[in-house]
Amino acid sequence: MIREVTAKTLLSSAKRPDPWFGIKYTMNLYRGCPHQCIYCDSRSECYQIENFTDVLVKVNAIDLLKKELPRKRVIGTIGTGSMSDPYQPVEAARRLTAQALEVIAEQRFPLHALTKSDLVVRDLDTLQHIAQVYAAVSFTITTADDELGRKVEPGAPLVSRRFAALRKLAEAGLLTGVLMMPILPFIEDQPENITALVARAKACGATYILASFGMTLRDRQRVYYYTQLDRLFPGLRRQYEQQFGARYSATARAAKRLEQIFTEACEHHGLATRMPFYEPAPPLQPALF
């Protein structure tokens with residue numbers, strides 16, 4: 001179900017850019033997401049989304065952005081995609097993300113877009129405009145296999161479509177990379193999956209890959225995830241319960257070894273394991289004479 005809501009504010013601010021993504025200001029134009037990834041952390045109670053299958057459209061988002069952005073004294077990277085995908089299917093018709101990018105370009109703010117969708121290619125021209133300051137697009141890709149992707153991310157575009165979109169953006173000169181997170185224990189934590197992802201990312205023009213070997217398992221998120229394991233991977237739930245109990249997080253098998261394999265593969269292919277962040281241009285020095 002798609003419902004319209006009126007938001008009080010749009011941009012949330014951090015004291016300093018986060019160390020993973022370089023984001024200073026977080027912007028969520030939608031709440032809820034039809035990608036329905038079985039592992040999604042946004043189902044957790046702390047985010048207070050009553051029904052994650054509903055998509056809430058912030059109908060006044062662009063007006064808020066036009067008011068809030070010029071008031072920001074610190075130029076910092078705007079991140080979108082942390083709670084719901086900015087390029088989920090409703091964006092094709094509503095175009096809130098497209099409009100927001102135009103505002104960001106006009107105000108000359110940097111941007112980091114996180115997505116699982118190839119719809120981002122539609123906004124290539126605006127992204128190139130933003131890139132005159134700084135623009136990065138990161139695609140979440142946790143398996144190199146379309147069939148497995150269909151299971152764990154049933155409503156999202158296929159992995160192959162995401163790689164194709166990454167290639168188009170990279171060929172257009174945009175800073176692009178892969179978010180290899182979460183890596184699901186017993187499902188995606190094979191060395192062969194990690195090396196295949198790294199090789200394919202390089203072939204498609206990625207500059208960086210950010211990886212995390214495991215997943216969170218919080219309250220409602222855990223309940224939903226285990227229900228999906230029973231449906232898609234019979235018997236696997238028992239392994240999770242034995243291995244992780246009621247822990248907050250579930251670490252991939254042989255995580256340290258996987259991280260070593262990942263690092264070596266990135267070094268081999270010339271891929272960074274940290275992304276370059278926005279850095280403000282130094283002030284012009286006045287002429288002495």
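The values are calculated or read from the model by the stated rules, or taken from the named source; none is laboratory data. Just so it is clear, the model here is predicted, and its values are computed rather than measured. So basically every Cβ, Gly included, is an ideal-geometry build from the backbone, and we count neighbours across all protein chains shown.
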More than 20 Å from the chain's Cα centre (by Cα), farther than 29 Å from residue 15 by Cβ and at pLDDT 95 or above: does that describe residue 98? no
Apart from one, (1) at negative phi; (2) at pLDDT 95 or above; (3) surrounded by 14 or more Cβ atoms within 10 Å (Cβ to Cβ); (4) of a type outside the set (A, V, I, L, M, F, W, C) all hold for residue 205; the odd one out is (1)
Subset of the range 110-141 (residues that are crowded, with 24+ Cβ neighbours inside 10 Å and aromatic (Phe, Trp, Tyr)): 139
Checking the structure you have, find out if any residue of the range 266-283 is at pLDDT below 95, under 22 Å from the mean Cα position of the chain (by Cα), within 26 Å of residue 137 (Cβ to Cβ) and assigned to a loop (DSSP other than H, G, I, E, B). yes
Requiring at least 1 residues that are within 20 Å of residue 21 (Cα to Cα), the strands (runs of 3 or more DSSP E) wholly within the range 32-130 are 78-80, 111-115
List the residue pairs whose Cβ atoms are under 9 Å apart, where the first residue sits in the range 1-16 and is touching a residue at least 60 places away in the same chain (Cβ under 8 Å) and over 12 Å from residue 31 (Cβ atoms), the second is in a strand (DSSP E or B) and among the hydrophobic types (A, V, I, L, M, F, W, C), and the two are 6 or more positions apart or on different chains. 11/27; 11/78
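With 241, 192 as the choices, which residue is within 28 Å of residue 161 (Cα to Cα), of a type outside the set (A, V, I, L, M, F, W, C), part of a helix (DSSP H, G or I) and over 19 Å from the mean Cα position of the chain (by Cα)?
Criteria check complete, one pass: 192.
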Looking only at the range 97-109, count how many residues are in contact with a strand residue (DSSP E or B) (Cβ under 9 Å, 6 or more places away or on another chain) and surrounded by fewer than 19 Cβ atoms within 10 Å (Cβ to Cβ). 0
Would you check if there is a residue in the range 148-156 being surrounded by fewer than 18 Cβ atoms within 10 Å (Cβ to Cβ), more than 16 Å from the chain's Cα centre (by Cα) and closer than 24 Å to residue 80 by Cβ? yes
Output the residue which, of all residues in the range 208-224 that are at pLDDT below 95 and not β-branched (Val, Ile, Thr), is surrounded by the fewest Cβ atoms within 10 Å (Cβ to Cβ). 219
State whether one or more residues within the range 226-239 are surrounded by 14 or more Cβ atoms within 10 Å (Cβ to Cβ), touching a strand residue (DSSP E or B) at 6+ places or on another chain (Cβ under 8 Å) and not small (Gly, Ala, Ser). no
If I filter the range 78-95 down to residues being of a type outside the set (A, V, I, L, M, F, W, C) and closer than 20 Å to residue 125 by Cβ, which single residue comes out as modelled with the lowest pLDDT? 81
Picking from 39, 30, the residue that is under 15 Å from residue 96 (Cα atoms) and either in contact with a Cys (Cβ under 7 Å, 6 or more places away or on another chain) or crowded, with 17+ Cβ neighbours inside 10 Å (or both) would be 30
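Looking at 248, 278, 226, which is the one that is farther than 19 Å from residue 199 by Cβ and either in contact with a helix residue (DSSP H, G or I) (Cβ under 8 Å, 6 or more places away or on another chain) or among the charged types (D, E, K, R) (or both)?
Testing whether each residue is farther than 19 Å from residue 199 by Cβ and either in contact with a helix residue (DSSP H, G or I) (Cβ under 8 Å, 6 or more places away or on another chain) or among the charged types (D, E, K, R) (or both) leaves just 226.
Outside any strand (DSSP E or B) and under 16 Å from the mean Cα position of the chain (by Cα): does that describe residue 170?
No: the conditions fail for residue 170.
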